[in-house]
Amino acid sequence: MSEQKDIAAIIVAAGIGSRAGGDIPKQYRSIGGKPMLRHSYEIFASHSAIDRIIVVIGGGQEEQARLALEGLPPPIIVTGGDTRRDSVHQGLKYLSQSAPGQVLIHDAARPFLTFSVIDNLLSALTTHSGAVPVLPVVDSLARGHFAGDHEVMAGTVPREDLWRVQTPQAFHFAPIYDAHQNWDVSQEATDDARMAMAAGHDVALVPGEEALSKYTFAQDFGDESMDDNIMPPIRCGTGFDVHKLVKDEELWLCGVRIDHSHGLSGHSDADVALHAVTDAILGAMALGDIGDHFPPSDERWRGASSDQFAAHAMQLARQEGYALANADVTIICEAPKIGRHRTAMREKLAAILGVDVAAISVKATTTERLGFTGREEGIASQAVATLYKAG
């Protein structure tokens with residue numbers, strides 16, 4: 001989904017999560033090492049089709065939301081209502097001031113969102129008013145009634161054509177906003193798809209994912225004391241790159257332009273640090289190397305910014321359900337001195353990869369005047385990237 005579209009996302013995070021227990025609302029509790037809300041926000045923020053993200057929170061939750069999303073592109077915060085429907089309505093009303101063409105409505109309590117679900121929903125909107133991700137019902141279903149002290153089976157329910165509905169739910173903006181505006185508030189709607197259907201709109205079903213299960217009860221969180229010891233599937237990759245220093249070329253390192261007498265020569269902007277990071281991510285996912293995806297023989301990449309190479313590698317990883325735990329970059333050169341640029345480099349690289357700056361390390365070393373870097377003929381960089389299965 002590389003084409004930019006007028007699409008907004010609403011993340012509903014306004015509840016208090018009383019059934020989940022804990023001292024704070026469940027959307028701010030730690031899952032997989034970070035606040036639940038942060039998971040889906042990161043995915044929306046890094047998806048190229050999403051233009052705006054609205055986070056609908058409960059009253060008095062501003063500081064909790066800010067801390068949960070610290071270091072990410074600043075969210076648009078809207079205060080919700082007493083029910084989920086009220087909260088979604090508030091988010092839609094805010095968007096109506098500059099209405100998008102399409103909107104995805106997602107529950108923060110489903111943290112492990114993936115690019116593939118988003119892409120499938122947006123694809124379905126080309127022919128339908130709305131779309132929802134679903135999973136088949138695989139367990140037998142039964143009706144029951146009380147007999148004495150126990151409930152007993154009163155019959156079975158056919159499970160054919162029954163589906164478990166998930167979020168995000170995607171819609172063309174005008175129909176779903178009208179459905180909310182005209183809803184009979186004496187009735188409570190369980191989700192937005194039912195409101196769209198009640199208003200006469202069709203809603204397509206697309207494949208959901210088990211990882212999108214909703215966190216509702218205390219047992220869904222497992223033993224929080226063991227949270228840091230849970231070991232999801234982890235992948236690690238390394239990257240290395242070298243480019244020659246020449247006069248009359250710009251010097252780019254980690255996406256930051258550095259004033260220097262010489263720059264790096266290459267088919268693209270020759271940012272050795274970003275090239276090393278790109279290869280590290282691709283290597284972790286066993287997806288080849290930078291030359292496979294951006295061959296130097298292709299004129300499209302002549303002089304291209306290497307930002308897009310690293311972002312592309314990260315997008316491929318997210319499509320497979322992986323998130324970046326950390327990236328560690330070492331730049332090897334005699335000059336220029338990297339120290340005073342390190343903060344800007346870390347911030348830029350974090351923005352490119354769509355992660356918190358705390359996940360990015362940039363450092364530099366020399367070769368004590370030995371070799372081609374010691375003679376200031378070129379600059380080398382190596383990188384290590386660690387990714388974990390986010391679902």
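The values are calculated or read from the model by the stated rules, or taken from the named source; none is laboratory data. All values reported here derive from a predicted model rather than from experimental measurement. Here the Cβ is made from the backbone with ideal geometry for all residues, glycine too, and neighbour counts use every protein chain on show.
Restricting the search to segment 166-190, which residues are surrounded by 15 or more Cβ atoms within 10 Å (Cβ to Cβ), assigned to a loop (DSSP other than H, G, I, E, B) and out of contact with any strand residue (DSSP E or B) (no Cβ under 8 Å at 6 or more places or on another chain)?
Residues satisfying the conditions are Trp183, Ala189.
May I ask you to say which residue of Val78, Val103 is without any contact (Cβ under 8 Å) to a residue 40 or more places away in the chain, aliphatic (A, V, I, L, M) and closer than 30 Å to Ala204 by Cα?
Numbers: Val103 fails: without any contact (Cβ under 8 Å) to a residue 40 or more places away in the chain.
None of the other options fit; the residue is Val78.
Which of the residues that make up segment 260-316 are over 16 Å from Ile379 (Cβ atoms), in a helix (DSSP H, G or I), charged (D, E, K, R) and touching a helix residue (DSSP H, G or I) at 6+ places or on another chain (Cβ under 7 Å)?
Asp307
More than 19 Å from Thr190 (Cα to Cα) and surrounded by fewer than 17 Cβ atoms within 10 Å (Cβ to Cβ) - does that describe any residue in segment 46-56?
Checked segment 46-56: at least one residue is more than 19 Å from Thr190 (Cα to Cα) and surrounded by fewer than 17 Cβ atoms within 10 Å (Cβ to Cβ).
Considering only segment 310-333, state which residues are closer than 13 Å to Asp279 by Cα and among the acidic types (Asp, Glu).
In the first step, residues of segment 310-333 are kept if they are closer than 13 Å to Asp279 by Cα; the result is 310-314, 316-317, 327-329.
Answer for segment 310-333, where residues must be closer than 13 Å to Asp279 by Cα and among the acidic types (Asp, Glu): just Asp328.
Of the residues in segment 243-259, how many are outside any strand (DSSP E or B) and at negative phi? Spell out how you get there, then give the answer.
In the first step, residues of segment 243-259 are kept if they are outside any strand (DSSP E or B); the result is 248-250, 254-255, 259.
When the remaining residues are screened for being at negative phi, the result is 249-250, 259.
The number of residues fulfilling the criteria is 3.
Please work out which residue is farthest from Lys389 (Cα to Cα), limiting yourself to segment 92-108 and to residues that are surrounded by fewer than 23 Cβ atoms within 10 Å (Cβ to Cβ) and of a type in the set (A, V, I, L, M, F, W, C).
Only one residue fits best here, namely Ala99.
What tally of residues in segment 132-157 results from selecting those that are within 30 Å of Ile118 (Cα to Cα) and exposed (fewer than 11 other Cβ atoms within 10 Å of the Cβ)?
3
Just give me the residues in segment 349-381 being β-branched (Val, Ile, Thr), free of Cβ contacts under 8 Å to residues at least 60 places away in the same chain and surrounded by fewer than 20 Cβ atoms within 10 Å (Cβ to Cβ), in sequence order. Spell out how you get there, then give the answer.
Kept after step one, since they are β-branched (Val, Ile, Thr), are these residues of segment 349-381: 352, 355, 357, 360, 362, 365-367, 373, 379.
With the extra rule that they be free of Cβ contacts under 8 Å to residues at least 60 places away in the same chain, the set shrinks to 360, 365-367, 373.
Answer for segment 349-381, where residues must be β-branched (Val, Ile, Thr), free of Cβ contacts under 8 Å to residues at least 60 places away in the same chain and surrounded by fewer than 20 Cβ atoms within 10 Å (Cβ to Cβ): Thr365, Thr366, Thr367.
Tally up the residues in segment 317-340 that are in a loop (DSSP other than H, G, I, E, B), touching a residue at least 60 places away in the same chain (Cβ under 8 Å) and closer than 19 Å to Lys363 by Cα, please.
Just the residues of segment 317-340 that are in a loop (DSSP other than H, G, I, E, B), to begin with: 320-321, 333-338.
From what is left, the residues that are touching a residue at least 60 places away in the same chain (Cβ under 8 Å) are 321, 335-336, 338.
Within this subset, residues satisfying the condition of being closer than 19 Å to Lys363 by Cα are 335-336, 338.
Counting residues in segment 317-340 that are in a loop (DSSP other than H, G, I, E, B), touching a residue at least 60 places away in the same chain (Cβ under 8 Å) and closer than 19 Å to Lys363 by Cα gives 3.
Among the residues of segment 195-208, what is the count of those that are at pLDDT 95 or above, in contact with a strand residue (DSSP E or B) (Cβ under 9 Å, 6 or more places away or on another chain) and closer than 19 Å to Val12 by Cα?
The qualifying residues number 1.
State all residues of segment 66-97 that are in a helix (DSSP H, G or I) and touching a Pro at 6+ places or on another chain (Cβ under 7 Å); if no residue qualifies, say none.
Step one: filter segment 66-97 for residues in a helix (DSSP H, G or I), giving 66-68, 84-97.
Residue satisfying the conditions is Ala68 alone.
Looking only at segment 382-391, which residues are more than 20 Å from Gly239 (Cα to Cα) and crowded, with 22+ Cβ neighbours inside 10 Å?
Going through segment 382-391, the residues more than 20 Å from Gly239 (Cα to Cα) turn out to be 389-391.
Once the filter is applied, which keeps residues that are more than 20 Å from Gly239 (Cα to Cα) and crowded, with 22+ Cβ neighbours inside 10 Å, segment 382-391 yields only Ala390.
Just need a number here: residues in segment 125-167 that are on the phi > 0 side of the Ramachandran plot and touching a Lys or Arg at 6+ places or on another chain (Cβ under 8 Å). Walk me through it before giving the result.
Filtering segment 125-167 for residues on the phi > 0 side of the Ramachandran plot gives 148, 155, 161.
After this cut, where a residue has to be touching a Lys or Arg at 6+ places or on another chain (Cβ under 8 Å) as well, the list is 155.
So the answer is 1.
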